[in-house]
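Quick notes on the structure that follows.
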Amino acid sequence: MQVTLHQDKCVASGQCVLAAQDVFDQRDEDGVAVLLDNRPPARLHDDVRHAAAVCPALAIALADR
């Protein structure tokens, strides 16, 4: 799985962090999401898919690789 985070779309809701804290974090200064791992291990794929689904800004793109 390849994960892309479009920070320019992020509305800093934090839903991605709640869903997949090993893959996403937030910047302290403005809450915009930060991608920690663009190729997470298979054990985290369900969490990452959930994070993408609950993102209110649709800022997370996933591709199977």
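The values are calculated or read from the model by the stated rules, or taken from the named source; none is laboratory data. Just so you know, these numbers come straight off a predicted model, no measurement behind them. Please note: Cβ atoms are built from the backbone with ideal geometry, for glycine as well, and neighbour counts cover all protein chains shown. SASA here: full protein model, heavy atoms, side chains in, ligands and nucleic acids out. Shrake-Rupley method; radii C 1.70, N 1.55, O 1.52, S 1.80 Å.
The table below gives the values:
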read-out: All positions within region 37-52 that are open to solvent by 50 Å² or more (accessible area, probe 1.4 Å) and in contact with a strand residue (DSSP E or B) (Cβ under 9 Å, 6 or more places away or on another chain); value: 38, 39, 49
read-out: Residues being open to solvent by 80 Å² or more (accessible area, probe 1.4 Å) and of a type outside the set (A, V, I, L, M, F, W, C) - total across region 14-26; value: 2
read-out: Residue under evaluation residue 60, criteria (1) exposed (fewer than 14 other Cβ atoms within 10 Å of the Cβ); (2) under 9 Å from the mean Cα position of the chain (by Cα), criterion not met; value: (1)
read-out: The one condition in (1) in contact (Cβ under 8 Å) with a residue 24 or more places away in the chain; (2) open to solvent by less than 70 Å² (accessible area, probe 1.4 Å); (3) assigned to a loop (DSSP other than H, G, I, E, B) that residue 34 fails to fulfil; value: (3)
